Amino acid sequence: SAVISQKPSRDICQRGTSLTIQCQVDSQVTMMFWYRQQPGQSLTLIATANQGSEATYESGFVIDKFPISRPNLTFSTLTVSNMSPEDSSIYLCSDWTDYGYTFGSGTRLTVV
Amino acid sequence: QKEVEQNSGPLSVPEGAIASLNCTYSDRGSQSFFWYRQYSGKSPELIMSIYSNGDKEDGRFTAQLNKASQYVSLLIRDSQPSDSATYLCAVREGSGYALNFGKGTSLLVTP
């Protein structure tokens, strides 16, 4: 299965600023996904990112707040824009291959 | 709203016992089902996947699927303290590729 390197692993950010999270996959994958895991909660899908097309966002998530890039089959970024304390969460990327779903190690974001 | 439901627990079992984790889902079109283990502060780790009705065994783990009842379970035999974690049930719905997760069941295996 693919291995995903995600960075940064954690960050503390000021409200009103933006943070870009990167995920690099060690093989080409068609589909990548971005999830949010708020404290004590399960994973909530933010969007699906396919190379060559606009990301598809789930209800409650918008492109202006969470812009996503997918420039090629091994890389994706998620930006958390104009952050507020409510954005404090763990953000995870994932991919899907014939071997199943693999997750990055996560980015723990704290907004102060 | 398509739902994946799990008891939050905590489920406490003594070391060596069988732990039984349950999950129900609402989308009858769902085709793929997964159990992930998540240790505190870590990302989810795939334990089992199951696609057909019946049982699937892998070492100490057995996944059971009943599509008619919209029910999937995970049995952990000979539970070890290292099995203490949150277990997430995830369902790939019929209409897409993304996973829909339950809220997870916290398992505590006591020595």
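The values are calculated or read from the model by the stated rules, or taken from the named source; none is laboratory data. Since this is a predicted model, take the numbers as computed values, not measurements. FYI the Cβ positions are ideal-geometry reconstructions off the backbone, even for glycines, and counts take in every protein chain you see. Areas reflect the complete protein model, heavy atoms only, side chains present, ligands, DNA and RNA absent. Shrake-Rupley method; radii C 1.70, N 1.55, O 1.52, S 1.80 Å.
Please specify each residue of the stretch B:66-81 satisfying the condition of being in a strand (DSSP E or B) and in contact with an Asp or Glu (Cβ under 8 Å, 6 or more places away or on another chain).
B:76
Mind checking whether some residue in the stretch B:89-109 is more than 14 Å from chain A (Cβ to nearest Cβ), within 29 Å of residue A:108 (Cβ to Cβ), modelled with pLDDT of 95 or more and open to solvent by less than 10 Å² (accessible area, probe 1.4 Å)? Lay out the reasoning, then the answer.
In the first step, residues of the stretch B:89-109 are kept if they are more than 14 Å from chain A (Cβ to nearest Cβ); the result is B:94, B:107-109.
Checking the rest, the ones that are also within 29 Å of residue A:108 (Cβ to Cβ) come to B:107-109.
Going one step further and asking which of them are modelled with pLDDT of 95 or more, we end up with B:107-109.
Going one step further and asking which of them are open to solvent by less than 10 Å² (accessible area, probe 1.4 Å), we end up with B:107, B:109.
Checking the stretch B:89-109: at least one residue is more than 14 Å from chain A (Cβ to nearest Cβ), within 29 Å of residue A:108 (Cβ to Cβ), modelled with pLDDT of 95 or more and open to solvent by less than 10 Å² (accessible area, probe 1.4 Å).
Name the single residue that is nearest to residue A:40 (Cα to Cα) among those in the stretch B:32-46 being open to solvent by 30 Å² or more (accessible area, probe 1.4 Å), in a strand (DSSP E or B) and of a type outside the set (Lys, Arg).
That would be B:45.
Just to be sure before I move on: is residue B:18 of a type in the set (A, V, I, L, M, F, W, C) and exposed (fewer than 13 other Cβ atoms within 10 Å of the Cβ) in the structure I sent?
So residue B:18 passes the test.
Name the pairs: first residue in the stretch A:86-112 and within 10 Å of chain B (Cβ to nearest Cβ) and closer than 16 Å to residue A:7 by Cα, second residue among the small types (Gly, Ala, Ser) and assigned to a strand (DSSP E or B), Cβ to Cβ under 6 Å, at least 6 apart or on different chains?
A:103/A:94
Residue B:29: within 14 Å of chain A (Cβ to nearest Cβ), part of a loop (DSSP other than H, G, I, E, B) and either basic (Lys, Arg) or open to solvent by less than 70 Å² (accessible area, probe 1.4 Å) (or both), yes or no?
Details: within 14 Å of chain A (Cβ to nearest Cβ): no; part of a loop (DSSP other than H, G, I, E, B): yes; either basic (Lys, Arg) or open to solvent by less than 70 Å² (accessible area, probe 1.4 Å) (or both): yes.
It is false that residue B:29 is within 14 Å of chain A (Cβ to nearest Cβ), part of a loop (DSSP other than H, G, I, E, B) and either basic (Lys, Arg) or open to solvent by less than 70 Å² (accessible area, probe 1.4 Å) (or both).
Sort out which residues of the stretch B:47-60 are closer than 14 Å to residue B:89 by Cα and either basic (Lys, Arg) or surrounded by 17 or more Cβ atoms within 10 Å (Cβ to Cβ) (or both), and write them in order of number.
Within the stretch B:47-60, B:47, B:48, B:49, B:50 qualify.
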